[in-house]
Amino acid sequence: SMQASRRPACSLAVGLPHRQSARRSSNAARSATMSSDPARWPRLWHSDLPYRYILVSDLDHTMVQNEDTTHEHLLAFDRLWASSAGLGSALVYSTGRSPLLYNKLWHEAPLLTPQVLICSVGSEIFLLCKDDATGRLQYRAHAEWAKHLDDDGWDRAEVVAAGAALPQLLPQADSEQRPHKVSYRLQTTEGGPGATEVLAKLEALLAEAGVPAKVVYSGGADVDVLSRRAGKGMALRFLINAFQDKGHDWPEAGVQVNGDSGNDVELFEVPRVNGCIVSNAHPELRKFAEEHSDDPRIFQATKPCAGGIMEAMRHFGTLEQLSKGQPPALAVLRSLGDALQMLGQFLSATVRNACGARACDVQLDPQGLPQQLSAVVSPGGLHLSLSDGTMQVATSTSDSVVALPTWLDVLEVMCDVTTPASTSGIVTAEFLVHVLGDSGCRDVAAALRCKAVLAVGAGGEVKLTSAACSAGSAEVILP
């Protein structure tokens, strides 16, 4: 669910929505570097690829434990996803937040980069794309989804008129009013109509106006009026249908949805999905769980937020399923995961000061991986080494230990093997390393873009043949 965050305010350095006039010029400059030819934008959500597992999660108080400034559960999920669960899988965020508020949370929490972003209570879908010419990542609106909603006769003006007739409905901020969503805060008074009565009246007014809309009530106060075809569940069905239209079977490790409030109920109603209700869920979702207590596909976690999501993955046997039948050349990345995670720790103030405003290119020494990791950063002459889980940063004048929270995004993994069952071949992994700065917010300027190439021998031996990282090229342009 989307509630006011208690996290520190973070500067939004990249990708604010275009209507934010103060940042319009900088966004335009960034967009100008991207290819305008849609054919040059291969989607990282590949409906033509047979994903082994799809994880769909709400954000606030589900994936993100907003009140926990350490992000203990979320960082643990990041490590699990990057090292094993995410290989050959798809990550989808489904949030009540608008693109603007998603930008805000992106900078406040150590979120991974999802292949698909469903915003505004399922009324907008954005797909992660990459420009082959520049390598830059950017979210693009799913045009087919918007057309699908428009074709149903959605009339936004009539929805606004219906809401204006009910004084208990207070419009939310302008940023939360979207093309296929009108949002309110429900404010009841003692002696006045209650929530049930107000919502029933709203639905009656919409029906009288002939508007094909649905009303979603969540968090005890949020009221969203959506296109009848919109919603978190409908958006997920749309994506899965596109996946199956390509002739793919249901993902072998399944589809898991995760939520905490009433606007997540639709996710649990999608046929065949497994569902996780986190331990900190709102009463309306707990009521839904009680009504479906005999459904083995619905799991009530004992841990909050991302901790509950991981608990559900184990309950449903997802991790065991993903470990079976994995191409040997792909499985070797597990042993490299922790070392790659630790690499991000050198993006401290010490290193950034040495690099100044320039991009830093890093070449990794393959010797000793994954037990040890060393790198030389230029300019600056810094040497980094990893041993026993501690990252050391050394300069010619001083030594220091860096311990900033980091997390790894595996963007793409490609295997070049002799046969599908081959135990040898070449694995190429492209990934991002992110870091939380001293302020507790994502340090966008410090992110790394990395590429590693591993050779896997017939006996399973692994050799890192090349690896390179660069700072200043890891920007993800948000919707």
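The values are calculated or read from the model by the stated rules, or taken from the named source; none is laboratory data. Just so you know, these numbers come straight off a predicted model, no measurement behind them. Every residue, glycine among them, receives a Cβ derived from its backbone with ideal geometry; neighbour counts consider all protein chains shown. These accessible areas exclude ligands, DNA and RNA; they are computed on the full protein's heavy atoms, side chains included. Shrake-Rupley method; radii C 1.70, N 1.55, O 1.52, S 1.80 Å.
A quick yes/no check of all residues on (1) modelled with pLDDT of 75 or more; (2) surrounded by fewer than 19 Cβ atoms within 10 Å (Cβ to Cβ):
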{"position": "T419", "(1), (2)": "no, yes"}
{"position": "T428", "(1), (2)": "yes, yes"}
{"position": "L436", "(1), (2)": "yes, no"}
{"position": "V444", "(1), (2)": "yes, no"}
{"position": "L448", "(1), (2)": "no, no"}
{"position": "K451", "(1), (2)": "yes, yes"}
{"position": "K463", "(1), (2)": "no, yes"}
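Yes or no, residue by residue, for (1) in contact with a strand residue (DSSP E or B) (Cβ under 8 Å, 6 or more places away or on another chain); (2) modelled with pLDDT under 90; (3) outside any helix (DSSP H, G or I):
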site	(1), (2), (3)
V92	yes, no, yes
G96	yes, no, yes
L101	no, no, no
L105	yes, no, no
G135	yes, yes, yes
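Tally up the residues in segment 213-240 that are over 23 Å from P271 (Cα atoms) and either without any contact (Cβ under 8 Å) to a residue 40 or more places away in the chain or not charged (D, E, K, R) (or both), please. Write out each step before concluding.
Step one: of segment 213-240, the residues over 23 Å from P271 (Cα atoms) are 219-225.
With either without any contact (Cβ under 8 Å) to a residue 40 or more places away in the chain or not charged (D, E, K, R) (or both) added as a condition, the list becomes 219-221, 223, 225.
Selection size over segment 213-240: 5.
Give the residues of segment 96-142 that are among the small types (G, A, S) and either over 24 Å from E412 (Cβ atoms) or touching a Ser or Thr at 6+ places or on another chain (Cβ under 6 Å) (or both), sorted by residue number.
Answer for segment 96-142, where residues must be among the small types (G, A, S) and either over 24 Å from E412 (Cβ atoms) or touching a Ser or Thr at 6+ places or on another chain (Cβ under 6 Å) (or both): G96, S98, S120, G122, S123, A133.
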Taking into account only those residues within segment 97-117 that are more than 12 Å from the chain's Cα centre (by Cα) and open to solvent by 10 Å² or more (accessible area, probe 1.4 Å), which is farthest from R79 (Cα to Cα)? L100
For segment 213-227 the number of residues that are open to solvent by 10 Å² or more (accessible area, probe 1.4 Å) and either of a type outside the set (D, E) or part of a helix (DSSP H, G or I) (or both) is 8
Enumerate the pairs (first residue in segment 134-155 and without any contact (Cβ under 8 Å) to a residue 12 or more places away in the chain; second residue anywhere and part of a loop (DSSP other than H, G, I, E, B) and among the basic types (K, R)) with beta-carbon separation below 9 Å, excluding pairs fewer than 6 apart on the same chain, so at least 6 apart or on different chains. D151/R229
Can you report the number of residues in segment 241-257 which are assigned to a helix (DSSP H, G or I) and either aromatic (F, W, Y) or without any contact (Cβ under 8 Å) to a residue 60 or more places away in the chain (or both)? 3
Of the conditions (1) within 26 Å of A85 (Cβ to Cβ); (2) buried (at least 17 other Cβ atoms within 10 Å of the Cβ); (3) modelled with pLDDT of 95 or more, A230 clears all except one; give me its number. (1)
